[in-house]
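**Q** Provided herewith is a single structure, encoded as structure tokens, for subsequent inquiry.
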Amino acid sequence: QVQFVESGGSLVQPGGSLRLSCAFSGRDFRTTTTAWYRQGQGNNRELVATISGGGGRGIADSVKGRFTVSRDNAKNMMYLQMNNLQFEDTAVYFCNKNPPYTFWGQGTPVTVSS
């Protein structure tokens with residue numbers, strides 16, 4: 001059974017940093033493109049960052065230069081380093097493959113507030 005477990009979200013002040021973690025289980029994701037998504041209140045879920053099994057990366061324009069995605073294939077883990085967080089980054093962050101399965105994990109909430 002494939003599962004995603006996100007962690008690392010928190011309340012942070014504008015300009016602060018967080019590192020999110022995603023643990024995959026249930027199959028081998030080493031050759032699969034995985035991704036971070038987020039959904040702010042009242043908004044649709046949006047794609048934030050992707051990373052292929054070989055390490056090729058994609059990043060949304062809204063977070064370019066501030067967020068970095070990485071992965072550890074040996075551990076079936078993916079990470080999102082978020083720097084210089086802004087109010088508009090407030091959302092629940094999810095991980096999945098890209099394109100995503102129809103099911104999702106619980107997500108991890110990030111709140112940027114002063």
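The values are calculated or read from the model by the stated rules, or taken from the named source; none is laboratory data. Owing to the predicted nature of the structure, the values given are computational and were not obtained by experimental measurement. Note that we place each Cβ from the backbone using ideal geometry, even for glycine, and neighbour counts take in every protein chain shown. Remember, those area values only see protein heavy atoms, side chains included, never the ligands or the DNA or RNA. Shrake-Rupley method; radii C 1.70, N 1.55, O 1.52, S 1.80 Å.
**Q** Assuming Val12 fulfils every condition listed in (1) at pLDDT 95 or above; (2) open to solvent by 70 Å² or more (accessible area, probe 1.4 Å); (3) not aromatic (Phe, Trp, Tyr) apart from one, which condition is it?
**A** Single failed check for Val12: (2).
**Q** Could you please tell me which pairs satisfy a Cβ distance under 8 Å, a separation of 6+ or placement on different chains, a first residue in region 1-15 that is farther than 16 Å from Asn84 by Cβ and free of Cβ contacts under 8 Å to residues at least 40 places away in the same chain, and a second residue that is of a type outside the set (Asp, Glu) and assigned to a loop (DSSP other than H, G, I, E, B)?
**A** Pairs that qualify, where the first residue is farther than 16 Å from Asn84 by Cβ and free of Cβ contacts under 8 Å to residues at least 40 places away in the same chain and the partner is of a type outside the set (Asp, Glu) and assigned to a loop (DSSP other than H, G, I, E, B), are Gln1/Gly26.
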